[in-house]
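Here the structure comes first, spelled out in structure tokens, and everything after it is commentary.
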Amino acid sequence: MGCQKFLTKQPLQQITASSFWKTNDDITAGIAAMYNGVQQQCSYNYFAYGDGRTDNFWISQYGNIAYSINGLSNATNGTDWTPIYTTIERANDLLLHVPIIGASQAGASIGQVAINNDMAQGYGVRAFCYFQLLRIFGGAPVWRVPFDSVGQAKFIPQSSAQYLMDSLVIPDLVNAASLVDTTQTTVWYVNRGGIDAMLIDAYMWKHDYTNAIYWYNKLMAPNHYKLEPTATWKNLFIAPQNSNESIWSLTWDWTVNGGANISGEIGAGNTNSQWWISDGIWAYFTNVANAADIRGTQSIDFKQKNHDKVNKFYPVSLDSKGNQIYPANNQANVYFALYRLSDLMLLRAEAANCTYDTATAINLLNNIHTRAGLPAYTTTTLVDSTTISNALLSERQYELFAEGKRWYDLVRNGIVSKTLDPLMLLRYPTAQTYASDPRKILWPLNANNLNANPALVQNPPY
């Protein structure tokens, strides 16, 4: 089944089994609805979760200062997990009904390979959602069937993050890996590489380096994924479908899906950005010692005096004065990388460093570092696991800037307080540090979610 059908099909607002789930066209529409849910949950919150509280950005006067001072509340944008559960509901609908259609007369004309691949989409997207929930909120309620299923409890308490990972995320991804059509490599939806990538990411979150390495080897075995050349690095963000580095990307076509809200957060032509690029990022890319790094000018608009425009996701389009032209935020066509090879190579290097395989760690790191136009690291500069770890985290910060990865890197490596507290106090002396209460690394639950489900318990200390 072609992904383009998923992306151009008008998604359903609500799918009911009594009038739906009869034919292959219904499966196509159901998958379109599910991916529309992924778009909606990532349109604003993906950036807020992955970058908004980090040393990549400071909040501007047009945004909510709570992100930059560790001051989240139960009403802060991003605390409402309804968009994520909407996607989970659509994935559960798919997983329930696709086998029924597959066993029907209609299923004979679809074919088992396509049916299995449709199931892989549902398992992969559901795992993506629960992986996001456990990293942001810790525990969360588990729904494996549609909300309106007979006998399904309406008020479900949170299951622990460990339960979500071990009993849902990883099993769903392993199921997806066994079902996915390996001939499908379209970047717009969960393909074989996307499933392998999520398993690598999940096992790295668990610090299970053996399994992370196993799935990295699975990712690389077909020899499909390769780094984008230095000269065309920008293609990863303006034409990912043409790059062998791209694994899974989201796309917004404003004429079909509406504009991507992320553009209003980090750079649009009709509104002020909600975040400023941090002083540290600005200083690194404008330092003459790093002038050879090709990522700076292709990620940040250094002509902006307010330091508030990320140009990474826009094709070069200049006015008569040589200034970048930005679309209105409701007319922004954005290609947003969820997973690409650089991300996974650096995670594999992290796994190597944590398992005392120094040569592999430095080699993989240098693949990314030299692609950026910089000289290779040697064992003279990277003398031990600590210096390698610091170099890997810095490389991920610059390579994956504004791609929603930095927060998870800090949490996974246990350095949220060490990294953010000094910067936060320098700019906001009255801010509450993460060291004073590490529980605030997790987000609070939204007041509306708590009111709707009395079985939920607010994350302390909120």
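The values are calculated or read from the model by the stated rules, or taken from the named source; none is laboratory data. These figures come from a predicted structure and were not determined experimentally. Using ideal geometry, Cβ is built from the backbone for each residue, glycine included, and neighbour counts are taken over all protein chains shown. The area values use the complete protein model at the heavy-atom level, side chains included, leaving out ligands, DNA and RNA. Shrake-Rupley method; radii C 1.70, N 1.55, O 1.52, S 1.80 Å.
Observations, loosely collected:
- Annotation: ARG439 fulfils all but one of (1) among the charged types (D, E, K, R); (2) closer than 20 Å to TRP275 by Cα; (3) open to solvent by 40 Å² or more (accessible area, probe 1.4 Å); (4) under 24 Å from the mean Cα position of the chain (by Cα); the unmet one is (2).
- Residue-level check: of (1) on the phi > 0 side of the Ramachandran plot; (2) crowded, with 21+ Cβ neighbours inside 10 Å; (3) of a type outside the set (Val, Ile, Thr), TYR314 misses just (1).
Okay, residues lined up against (1) over 24 Å from the mean Cα position of the chain (by Cα); (2) small (Gly, Ala, Ser):
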position: ASP319; (1), (2): yes, no
position: ALA349; (1), (2): no, yes
position: ALA359; (1), (2): yes, yes
position: THR379; (1), (2): yes, no
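- Test for PHE285: is it assigned to a helix (DSSP H, G or I), closer than 29 Å to SER68 by Cβ and in contact with a Gly (Cβ under 9 Å, 6 or more places away or on another chain): yes
- If you filter segment 389-424 down to residues that are outside any helix (DSSP H, G or I) and under 14 Å from the mean Cα position of the chain (by Cα), you find that the one that is nearest to VAL310 (Cα to Cα) is ALA402.
- Hey, VAL416 hydrophobic (A, V, I, L, M, F, W, C), open to solvent by less than 10 Å² (accessible area, probe 1.4 Å) and modelled with pLDDT under 95 or not: no
- Scope segment 375-392; condition open to solvent by 20 Å² or more (accessible area, probe 1.4 Å) and not β-branched (Val, Ile, Thr); matching residues: PRO375, ALA376, TYR377, ASP384, SER385, SER389, ASN390
- Selection of first residues in segment 402-428 that are over 25 Å from GLU350 (Cα atoms) and of second residues that are β-branched (Val, Ile, Thr) and open to solvent by less than 70 Å² (accessible area, probe 1.4 Å), restricted to Cβ pairs under 6 Å at least 6 apart or on distinct chains, gives the following pairs, ordered by first then second residue: TYR428/ILE69.
- Matching residues, segment 109-132, being of a type in the set (A, V, I, L, M, F, W, C) and in contact with a Leu (Cβ under 7 Å, 6 or more places away or on another chain): MET119, ALA120, ALA127
- Residue count for segment 230-264 satisfying the condition of being open to solvent by 60 Å² or more (accessible area, probe 1.4 Å) and closer than 20 Å to HIS369 by Cβ: 2.
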